[in-house]
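In what follows, a structure is listed as structure tokens, so that the remarks can point back to it.
The values are calculated or read from the model by the stated rules, or taken from the named source; none is laboratory data. Bear in mind that the values here come from a model prediction, so they are computed numbers and not experimental data. Cβ sites come from the backbone with ideal geometry, for glycine too, and all protein chains shown count toward neighbours. When the accessible area is computed, the model is the full protein with side chains, heavy atoms only, and any ligands, DNA or RNA have been set aside. Shrake-Rupley method; radii C 1.70, N 1.55, O 1.52, S 1.80 Å.
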Amino acid sequence: MERIKEFLNKRQQDSLLRTLKPFSLREKGFVCIGGKRYVDFSSNDYLGLSSHPYIKKNAKDAIDKFGAGICSSRLLSGDIELFGILEKRIADFKQKESALIFNSGYQANLGIISAICGKNDVVFSDRLNHASIVDGILLSGAKLFRFNHNDIGHLETLLKKHRAKFQRCLIITESIFSMDGDLAPIREIVKLKKKYTSMLLVDEAHATGIFGDDGSGVVASYRLSDDVDLIMGTFGKALGSFGAYLACSKPLRDLLINKCRSFIYSTALSPAVIASNIAAVDIVRYDPFRRQLLLEKANYLREQLRSKGFEVLGSSQIIPVVIGESRKTVLLSEKLQEKGYWALPIRPPTVPEGSSRIRFSLNYYHRKSMLKKLAEDMATLS
Ligand SMILES: *Cc1c(COP(=O)(O)O)cnc(C)c1O
């Protein structure tokens, strides 16, 4: 007990204590917390699809037909027809031979990486890759080398020095990075992957639904689907619901069905969730309007904040404003909350020491006038 208290006190002193904040309602770009309404800059519901009427109707119809839950792993009796429909849609969307649905992005990365890599293998992973990627690598027992964020030169130096000592080699990057909101040099990584006989896994969690002509993500928009062996992403962000996908070759899919423990030993997603995801993919493919508007507004807010002298990172709908010191960042976030903005501080260990930031996640419902006001308020408060 003493050790637990000590840990929590230390976290509190360092302004690093995480707590849950129950909210009563989230709607159209706002959240209600403790009876107060805030403009929501914290959700990943970038396109506002979580409340889309067509998606909600599809979910309700699936409950009526299949019930609330599947209550079995897919390998036992859980493989209802909706999975096949969704997997076909995803394979098409991502221009890969096949696809496999996972219960969440976290479970996907954990299971995929540990199924395809073992202790004689090596993984090269961008330093800013998501925790689920790091955990998957640790679980696999493979040797891990982390290259500096988006640093192709560093990646090649590490490959040259270490690749030959191992059997299989896997390179992993996100396409749009969740904490910096920037884009990976995927074309250059593909060249290195070929030169050093490696597999490549790209995590499109924050790009799916937003980038590319049909919203399928960065990889397909660069016409690199054939060169990226494993393209994964989640349904829990722009697609508005829950769950994750992997698009890959048929043999890789078969391997995962046999070896991937987070796929084998977990109850399949509920019918409502799968039906929502099918509807969301259709909306994203055939309605470019939402993502175009979103990226336009992101550019606008970035310009507004830069014109006020802020250090703004990224080139996507994720807009991190670097404040620096942890305490100062928390203070600013509290002041923003007083003004009615829900934008949370991101601190170490999620980001490097001294680069604490406020991260604004834009969504379809934010209006330009709100964003202009936000930039003005940021300038007054900091
Ligand atoms: C959110 C996220 C995940 C995890 O996805 P969940 O479906 O939320 O578990 C994985 N990778 C990246 C890059 C993410 O941002």
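Quick one: count up the residues across region 228-253 that are of a type in the set (D, E, K, R) and either open to solvent by less than 10 Å² (accessible area, probe 1.4 Å) or in contact with a Leu (Cβ under 7 Å, 6 or more places away or on another chain) (or both).
Result for region 228-253: 2.
Specify the residue that is least open to solvent (accessible area, probe 1.4 Å); the eligible residues are those in region 330-360 that are over 23 Å from the mean Cα position of the chain (by Cα) and farther than 13 Å from residue 374 by Cα.
Residue satisfying both the conditions and the ranking: 330.
Which of the numbered conditions does residue 240 fail, given that it passes all the others? Conditions: (1) within 17 Å of residue 186 (Cβ to Cβ); (2) within 15 Å of the ligand (Cβ to nearest atom); (3) of a type outside the set (Asp, Glu).
Every listed condition holds for residue 240 apart from (1).
In this structure, does residue 222 turn out to be open to solvent by 10 Å² or more (accessible area, probe 1.4 Å) and touching a Gly at 6+ places or on another chain (Cβ under 9 Å)?
Against the criterion (open to solvent by 10 Å² or more (accessible area, probe 1.4 Å) and touching a Gly at 6+ places or on another chain (Cβ under 9 Å)), residue 222 qualifies.
Report the residue count in region 313-329 for those that are open to solvent by 30 Å² or more (accessible area, probe 1.4 Å), at pLDDT 95 or above and under 20 Å from residue 221 (Cα atoms).
Summing the residues that are open to solvent by 30 Å² or more (accessible area, probe 1.4 Å), at pLDDT 95 or above and under 20 Å from residue 221 (Cα atoms) in region 313-329 gives 0.
For the structure I just gave you, tell me whether residue 115 is open to solvent by less than 10 Å² (accessible area, probe 1.4 Å) and either more than 19 Å from residue 275 (Cα to Cα) or assigned to a helix (DSSP H, G or I) (or both). Steps first, please.
Values: open to solvent by less than 10 Å² (accessible area, probe 1.4 Å): yes; either more than 19 Å from residue 275 (Cα to Cα) or assigned to a helix (DSSP H, G or I) (or both): yes.
Against the criterion (open to solvent by less than 10 Å² (accessible area, probe 1.4 Å) and either more than 19 Å from residue 275 (Cα to Cα) or assigned to a helix (DSSP H, G or I) (or both)), residue 115 qualifies.
Can you say whether residue 128 is within 16 Å of the ligand (Cβ to nearest atom), at pLDDT below 95 and either touching a His at 6+ places or on another chain (Cβ under 6 Å) or open to solvent by 40 Å² or more (accessible area, probe 1.4 Å) (or both), as far as the supplied structure shows?
Here the answer is yes, as residue 128 does meet what is asked.
For region 168-183, state whether one or more residues are out of contact with any Ser or Thr (no Cβ under 6 Å at 6 or more places or on another chain), away from the ligand (no atom under 14 Å from the Cβ), under 20 Å from residue 112 (Cβ atoms) and open to solvent by 40 Å² or more (accessible area, probe 1.4 Å).
Checked region 168-183: at least one residue is out of contact with any Ser or Thr (no Cβ under 6 Å at 6 or more places or on another chain), away from the ligand (no atom under 14 Å from the Cβ), under 20 Å from residue 112 (Cβ atoms) and open to solvent by 40 Å² or more (accessible area, probe 1.4 Å).
So that you can scan it fast, the table gives a plain yes or no per residue for (1) within 16 Å of the ligand (Cβ to nearest atom); (2) open to solvent by 10 Å² or more (accessible area, probe 1.4 Å); (3) under 30 Å from residue 318 (Cβ atoms):
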{"site": "48", "(1), (2), (3)": "no, no, yes"}
{"site": "60", "(1), (2), (3)": "no, yes, no"}
{"site": "67", "(1), (2), (3)": "no, yes, no"}
{"site": "74", "(1), (2), (3)": "no, yes, no"}
{"site": "78", "(1), (2), (3)": "no, no, no"}
{"site": "108", "(1), (2), (3)": "yes, no, yes"}
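Based on this model, can you work out whether residue 382 counts as modelled with pLDDT under 95, buried (at least 19 other Cβ atoms within 10 Å of the Cβ) and over 20 Å from the mean Cα position of the chain (by Cα)? Please lay out each step first, then the result.
Details: modelled with pLDDT under 95: yes; buried (at least 19 other Cβ atoms within 10 Å of the Cβ): no; over 20 Å from the mean Cα position of the chain (by Cα): yes.
Here the answer is no, as residue 382 does not meet what is asked.
Which condition number in (1) within 22 Å of residue 352 (Cβ to Cβ); (2) under 24 Å from the mean Cα position of the chain (by Cα) is the one that residue 158 fails?
(2)
Can you name the residue in region 189-217 that is within 18 Å of residue 98 (Cα to Cα) and buried (at least 24 other Cβ atoms within 10 Å of the Cβ) and, of all such residues, is nearest to the ligand (Cβ to nearest atom)?
Among those residues, the one meeting the criterion is 203.
With the checklist (1) within 21 Å of residue 270 (Cβ to Cβ); (2) under 23 Å from the mean Cα position of the chain (by Cα); (3) small (Gly, Ala, Ser) in hand, flag the one item residue 98 doesn't pass.
(1) is the only condition that residue 98 fails.
If we scan region 150-159, do we find a residue that is within 11 Å of the ligand (Cβ to nearest atom), surrounded by 17 or more Cβ atoms within 10 Å (Cβ to Cβ) and under 17 Å from residue 199 (Cα atoms)?
Looking only at region 150-159, we keep the residues that are within 11 Å of the ligand (Cβ to nearest atom), and these are none.
No, region 150-159 contains no residue that is within 11 Å of the ligand (Cβ to nearest atom), surrounded by 17 or more Cβ atoms within 10 Å (Cβ to Cβ) and under 17 Å from residue 199 (Cα atoms).
Within region 296-312, is there a residue that is within 16 Å of the ligand (Cβ to nearest atom) and either more than 30 Å from residue 374 (Cβ to Cβ) or open to solvent by 30 Å² or more (accessible area, probe 1.4 Å) (or both)?
So far as region 296-312 goes, no, none of its residues is within 16 Å of the ligand (Cβ to nearest atom) and either more than 30 Å from residue 374 (Cβ to Cβ) or open to solvent by 30 Å² or more (accessible area, probe 1.4 Å) (or both).
Report those strands (runs of 3 or more DSSP E) wholly inside region 130-228 carrying at least 3 residues which are of a type in the set (Val, Ile, Thr). Even if it seems obvious, please write down each step before you answer.
Working: elements: 143-147, 169-174, 199-203.
Answer list for region 130-228: 169-174.
Please give the helices (runs of 4 or more DSSP H) falling wholly within region 231-330 in which 3 or more residues are among the basic types (Lys, Arg).
Passing ranges, in order: 250-259, 289-307.
With respect to residue 295, determine if the residue is of a type in the set (A, V, I, L, M, F, W, C), within 23 Å of the chain's Cα centre (by Cα) and over 16 Å from residue 42 (Cβ atoms).
Yes, satisfied.
Looking at region 254-267, which of its residues are open to solvent by 10 Å² or more (accessible area, probe 1.4 Å) and under 15 Å from residue 87 (Cα atoms)?
254, 257, 263
For region 181-207, what are the residues that are among the β-branched types (Val, Ile, Thr) and within 21 Å of residue 149 (Cα to Cα)?
186, 189, 190, 202
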